[in-house]
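Below is one structure, written out as structure tokens, with a few remarks after it.
The values are calculated or read from the model by the stated rules, or taken from the named source; none is laboratory data. Note that the coordinates shown come from a computational prediction; the quantities given were computed from them, not determined experimentally. For neighbour counting, all protein chains shown are included, and Cβ atoms are generated from backbone atoms with ideal geometry for every residue, glycine included. To get the accessible areas, we keep the full protein, side chains included, count just its heavy atoms, and leave off ligands, DNA and RNA. Shrake-Rupley method; radii C 1.70, N 1.55, O 1.52, S 1.80 Å.
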Amino acid sequence: MTFSQSDLPYIKWSLSTLLIVVAIGGSAVFSGQKWSDNAHKAKQAAQQKVNEARNKLSAARDDLQNMSTYTKEFSTIQRLGIIGDEQ
């Protein structure tokens with residue numbers, strides 16, 4: 001099957017529709033890719049915040065453990081007058 005210049009008026013609406021559909025499909029793919037990239041970046045940022053919060057929580061727990069460990073020693077040297085208010 002061959003097309004000639006005289007066939008163009010008969011297929012112009014079909015060609016126009018094809019071009020519009022290809023343009024809409026291309027823009028949908030482009031938009032979807034951008035949306036996916038933005039979602040991936042947002043996920044990475046959220047994961048980084050979660051990791052930072054976990055690190056801070058771990059440091060706070062370590063500090064709490066250290067304070068409970070050294071409270072008795074601190075109380076003892078404070079009672080002996082080695083540290084505390086000046087005499």
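State the extension gain, in nm to one decimal, for the chain segment bounded by ILE77 and LEU15, taking 0.36 nm per residue of separation less the distance between their alpha-carbons.
Extending this stretch completely gives an extra 13.1 nm.
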Revision key, fill the gap. The extension gain from ALA39 to SER4, computed as 0.36 nm times the residue separation minus the Cα-Cα distance, is 7.7 nm
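Only four residue types carry charge here, +1 at the Cβ of Lys and Arg and -1 at the Cβ of Asp and Glu. Report the dipole size of the chain about the Cα centre in Debye, rounded to the nearest 20.
320 debye
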Practice item. Could you give the C-alpha radius of gyration of the chain expressed as a fraction of 2.2 N^0.38 Å, taking N as the number of residues it contains? Key: 2.99
Revision key, fill the gap. Once MET1, MET67 are ranked on solvent-accessible area with the largest value leading and a 1.4 Å probe, the list reads MET1, MET67
Study note, to complete from the structure: If unit charges are put on Cβ atoms (+1 for Lys and Arg, -1 for Asp and Glu) and the dipole of the chain is taken about its Cα centre, the option from GLN48, GLN5, ILE20 lying farthest towards the positive end turns out to be GLN5
Study note, to complete from the structure: So, for the Cα atoms of segment 46-87, Rg and Dmax in Å stand at 16.8, 53
Exercise for review: Pop out the carbon and sulfur fraction of the accessible area of the chain as a percent, whole number, probe 1.4 Å.
Suggested key: 61 percent
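Leaving out ligands and nucleic acids, note down the accessible area per residue over the chain with a 1.4 angstrom probe, in whole Å².
96 Å²
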Check your understanding: Taking θ as phi - 60°, what are the ³J(HN,Hα) couplings along segment 14-30 by the Karplus curve (6.51, -1.76, 1.60), each to the nearest whole Hz, with x for Gly and Pro?
Key -> 5, 5, 4, 4, 4, 5, 5, 5, 5, 5, 5, x, x, 5, 5, 5, 4
